[in-house]
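Let me begin by presenting the structure, written as structure tokens, before commenting on it.
The values are calculated or read from the model by the stated rules, or taken from the named source; none is laboratory data. None of these values were measured; they are calculated from a predicted model. Counting neighbours? That spans all protein chains shown, and the Cβs are built from the backbone with ideal geometry, glycine included.
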Amino acid sequence: MNNNQISDLKRILDLWLPEKIKYDQIPGLTVGIIDHGKIVYQGAFGYADVEKKKKMTIDTNFRIASISKTFTAMAIFELEKQKKLKLNDSILKYLPEMPKKLSGITIQQLMEHTSGLVRDGGTNHWENDRFTRRDMFLHKLKTTIPVYKPGQKFKYSNFANSILGEIIFRITGVTYEQYLNAMVKRLGMKNTHADLSSAVKNLASGYGRIIPGQKRQKFRPIKIYAYAPSAGFVSNVPDLLKYSQHFTKVFSKAHKNLKSTGKKRNFYGIGFEFHQTDGGLLMGHGGGFIGFKTNIYFNVTKNLGLVLLTNSLCLSAPIAFAVHDLVQYLKTTTGRNNDKKMIGLYRDRFGDKLIAPAGKKLMVFDVETINPVTRFALLQKKGNKYLIETKDGFASIGERVELIGKKLHWASDVMHKL
């Protein structure tokens, strides 16, 4: 992105995201974008703790949930490079006490979710917060009955992925948490931890989903022990932007044996999700934890990294993809619009609109939109007025827009600047 495009991106996100989280009732959100190794945007909005009125900052830490699986994959790839394991090894090579019915399961199948094992180990930890410790986890593994044969189909499993933590322990002689904490330090990540501990500082409070007639529930921080390889990590935007720059190093290993997840243009490789978008191939992972929804994606086609973290059970992925699409659109714009008077938020009885620069023109979209790039208008300067350009045939195509004082005359409508 050039400087004009970066400036436009900042104007749009700084206006849109604070309003978007109000519409979606999201307590807080942080976002970071890195383009060809250069951080082009970081922003923090809302509250890390609503009751204490503690504002969100770019350094606020989050439970990053299933993004943890990518760190576990990185550790396995590292041990493979050191020739301490092979991805096609049976898990019984490292867990010989386990029953022979598990002998057909390989390390790679744990990572790509084709082991056939149950999703969450048959315990209710996501509801009662009592996550299994090592001894009970191994007991559950001994007594588990696979749902499918290994390699038969994609079946997402936190339980299966967490077995990788025990394998790392058996190979290295140190706990998963110790090994991964050392690994992230080598990557220069100062605020990232494999699970909740006394070392974690500045952690956002997590909030539940929206239930009609109720406030979002506030959850207490918890340690998840044996499930840390699947969902335990704590991190923040600056660390994760740095981390995203390492994705290309393992792309050739992770982008194999792609399995459809059942979602459109969404696939799972070895330890990573892949999304095929019109703007390139995204590599990364989404995550959902008790009180948190998180996303990290790296566009391997365009060398573009994106991190979006929220502290509630909300729909974070659509916002993350919207930010990605916005960056891609702004990269196509040229020139600069310096009409500062027009920039801002506008309201009429039908909704709120945002107007901000997008190259030489002004971009206009509804604030509550899921994705600005899917439906927006452009304003083209003509004299002292603007003309509306849009692909939406139901809109006021070709009609005039003019700001007089605080009133925006939009075709035959009048909007008020907020």
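For the reader, a short list of remarks on this structure follows.
- Within segment 127-167, the set of residues being farther than 11 Å from residue 115 by Cβ and outside any helix (DSSP H, G or I) comprises 129, 130, 131, 132, 133, 145.
- The set of residues in segment 166-219 that are of a type in the set (Lys, Arg) and under 22 Å from the mean Cα position of the chain (by Cα) comprises 185, 190, 201, 209, 216, 218.
- Only a single item in (1) in contact with a strand residue (DSSP E or B) (Cβ under 6 Å, 6 or more places away or on another chain); (2) closer than 18 Å to residue 75 by Cβ; (3) among the aliphatic types (A, V, I, L, M) is not met by residue 203, and it is number (2).
- When restricted to residues that are at pLDDT below 95, of a type in the set (S, T, N, Q) and farther than 18 Å from residue 328 by Cα, segment 350-389 contains 1.
- Residue check for residue 262: over 26 Å from residue 56 (Cα atoms), more than 17 Å from the chain's Cα centre (by Cα), part of a loop (DSSP other than H, G, I, E, B) and not charged (D, E, K, R): yes
- Hits in segment 96-121 - residues which are over 27 Å from the mean Cα position of the chain (by Cα) and either of a type in the set (D, E, K, R) or surrounded by fewer than 17 Cβ atoms within 10 Å (Cβ to Cβ) (or both): 96, 97, 99, 100, 101, 103, 104
- Applying the condition of being of a type outside the set (S, T, N, Q) and surrounded by fewer than 16 Cβ atoms within 10 Å (Cβ to Cβ) to segment 231-250 and asking which residue is nearest to residue 32 (Cα to Cα) yields 246.
Conditions tested, residue by residue: (1) β-branched (Val, Ile, Thr); (2) in a strand (DSSP E or B); (3) surrounded by 15 or more Cβ atoms within 10 Å (Cβ to Cβ).
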site	(1), (2), (3)
327	yes, no, yes
339	no, no, no
355	yes, yes, yes
364	yes, yes, yes
388	yes, yes, yes
395	no, no, yes
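- Residue 273 satisfies every condition listed in (1) free of Cβ contacts under 8 Å to residues at least 24 places away in the same chain; (2) over 11 Å from residue 70 (Cβ atoms) except (2).
- Residues that are among the aliphatic types (A, V, I, L, M) and touching a strand residue (DSSP E or B) at 6+ places or on another chain (Cβ under 8 Å) within segment 206-232 comprise just one, 231.
- Any chance residue 90 is at pLDDT 95 or above, under 23 Å from residue 173 (Cα atoms) and not hydrophobic (A, V, I, L, M, F, W, C): yes
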